[in-house]
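> The structure that follows is given in the form of structure tokens.
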Amino acid sequence: SKGKRLEFLSRPILQPISKNQLQYPLMMNPLRPEVQQRSLDFVKEILSNYDVSGIIFDDRLRFGALNADFSDFSHSLFEKYVMRTVKWPEDIYTVTFTPTLAQGIRPGKWFDAWLIWRAQTVKNWIERARKVVDGLRGGKQLGVYAGSWYGDYPQFGNNYAAPRIQAGFAFLTQAYRKTGFADSLDFLITGCYYKIGTIVEAMERGVPTGPTVEAAGQLSNRLSREQCWTVAVIKLDDYYGNLKGLQMALQGACASTQGVMVFDYSHRL
């Protein structure tokens with residue numbers, strides 16, 4: 001009735017990621033030693049048997065989402081990390097709803113520690129991979145492919161920036177910055193999947209300049225802090241039937257980073 005306050009409460013239901021993950025192959029838990037070792041074994045196998053220039057890890061070098069992984073195994077490791085008993089998962093975050101049932105989250109007391117812990121896990125693995133690459137085939141390169149929308153990446157436990165990065169993101173605390181691993185890479189490839197190539201082009205259209213290839217490349221380049229080469233990726237599907245737009249996208253990528261990758265040549269123009 002009028003004047004009454006309606007409150008929605010949520011209750012967590014923990015289940016295997018195979019029950020609700022929409023993408024395939026399934027995302028594994030990066031915290032598990034056997035998962036880490038299997039990934040390193042792939043690196044060893046390729047470098048030991050093939051004359052390649054280097055190794056690139058695709059955009060699956062991360063956790064599946066913010067809600068992964070809440071297994072008993074992860075619970076035990078996280079409690080050891082914070083050296084406290086943790087109410088699972090409420091001490092990390094709870095799901096909230098607005099009157100229109102829009103979903104959000106309410107961070108718990110260990111939310112920041114959760115972000116840092118997961119990002120540090122991926123950083124530690126990258127450093128192990130770096131040692132394997134250098135030990136097996138000196139001079140071979142190591143790179144990572146990720147999305148240019150860096151602000152979304154804390155939920156995936158992947159901090160591909162340089163540890164010294166300074167930028168206006170709320171999650172970039174001093175502790176979180178230390179989880180950056182760009183200084184362990186030779187190159188960083190970021191998906192700049194936008195349909196407008198340059199900042200000037202966006203200004204001429206009277207639309208925001210952020211969702212452009214050039215602006216995304218600038219951010220990626222800034223994040224790496226000259227610790228590695230940065231390459232912008234454009235997607236041909238974004239420029240189907242628009243050769244002029246493709247030209248501007250190539251220009252924006254080359255102007256803001258040290259290279260350009262076209263994804264994918266099998267896509268039609």
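> Could you please find all residues in the stretch 26-73 being of a type in the set (A, V, I, L, M) and assigned to a helix (DSSP H, G or I)?
35, 40, 43, 46, 47
> Additional query: Any idea which of (1) open to solvent by less than 40 Å² (accessible area, probe 1.4 Å); (2) under 21 Å from the mean Cα position of the chain (by Cα) is the one residue 88 doesn't satisfy?
For residue 88, the failing item is (2).
> Would you please name the residue that is surrounded by the fewest Cβ atoms within 10 Å (Cβ to Cβ), looking only at residues in the stretch 105-135 that are among the β-branched types (Val, Ile, Thr), in a helix (DSSP H, G or I) and over 17 Å from the mean Cα position of the chain (by Cα)?
132
> Given (1) more than 16 Å from residue 143 (Cβ to Cβ); (2) assigned to a helix (DSSP H, G or I); (3) touching a Phe, Trp or Tyr at 6+ places or on another chain (Cβ under 8 Å), identify the lone condition not met by residue 255.
For residue 255, the exception is condition (3).
> Taking the residues in the stretch 40-60 that are in contact (Cβ under 8 Å) with a residue 24 or more places away in the chain and either of a type in the set (Gly, Ala, Ser) or farther than 15 Å from residue 185 by Cα (or both) as candidates, determine which candidate is most open to solvent (accessible area, probe 1.4 Å).
Per the criteria, the residue is 60.
> Condition first: under 15 Å from residue 191 (Cβ atoms) and at pLDDT 95 or above. Now tell me which residues in the stretch 225-249 satisfy that.
230, 231, 232, 233, 234, 249
> Hey, another quick one. Mind checking which pairs have a first residue in the stretch 203-215 that is over 15 Å from residue 245 (Cα atoms) and open to solvent by less than 40 Å² (accessible area, probe 1.4 Å) and a second that is of a type in the set (Ser, Thr, Tyr) and assigned to a helix (DSSP H, G or I), Cβ under 8 Å, 6 or more apart or different chains?
Pairs that qualify, where the first residue is over 15 Å from residue 245 (Cα atoms) and open to solvent by less than 40 Å² (accessible area, probe 1.4 Å) and the partner is of a type in the set (Ser, Thr, Tyr) and assigned to a helix (DSSP H, G or I), are 215/256.
> Shifting gears a bit: Taking the stretch 1-13 on its own, how many of its residues are modelled with pLDDT of 70 or more and open to solvent by 100 Å² or more (accessible area, probe 1.4 Å)?
Number of matching residues: 8.
> Something else: Looking at residue 138 and the list (1) modelled with pLDDT under 95; (2) surrounded by fewer than 16 Cβ atoms within 10 Å (Cβ to Cβ); (3) outside any loop (DSSP other than H, G, I, E, B), which single condition is not satisfied?
Only one criterion is unmet by residue 138, namely (3).
> Does at least one position in the stretch 163-175 carry a residue that is assigned to a helix (DSSP H, G or I), over 19 Å from residue 124 (Cβ atoms) and open to solvent by less than 60 Å² (accessible area, probe 1.4 Å)?
Checked against the condition, which is being assigned to a helix (DSSP H, G or I), over 19 Å from residue 124 (Cβ atoms) and open to solvent by less than 60 Å² (accessible area, probe 1.4 Å), the stretch 163-175 yields no hits at all.
> Given the condition in contact (Cβ under 8 Å) with a residue 60 or more places away in the chain, touching a helix residue (DSSP H, G or I) at 6+ places or on another chain (Cβ under 8 Å), among the polar types (S, T, N, Q) and open to solvent by 10 Å² or more (accessible area, probe 1.4 Å), answer yes or no: does some residue in the stretch 221-228 qualify?
So far as the stretch 221-228 goes, yes, one or more of its residues are in contact (Cβ under 8 Å) with a residue 60 or more places away in the chain, touching a helix residue (DSSP H, G or I) at 6+ places or on another chain (Cβ under 8 Å), among the polar types (S, T, N, Q) and open to solvent by 10 Å² or more (accessible area, probe 1.4 Å).
> Something else about it: Which one of 246, 188, 250 is part of a strand (DSSP E or B) and not small (Gly, Ala, Ser)?
The conditions single out 188.
The values are calculated or read from the model by the stated rules, or taken from the named source; none is laboratory data. All values reported here derive from a predicted model rather than from experimental measurement. Quick reminder, even Gly has a Cβ in these numbers, built from the backbone with ideal geometry, and neighbours come from all protein chains shown. All accessible areas refer to the heavy atoms of the entire protein, side chains included, with ligands and DNA or RNA removed. Shrake-Rupley method; radii C 1.70, N 1.55, O 1.52, S 1.80 Å.
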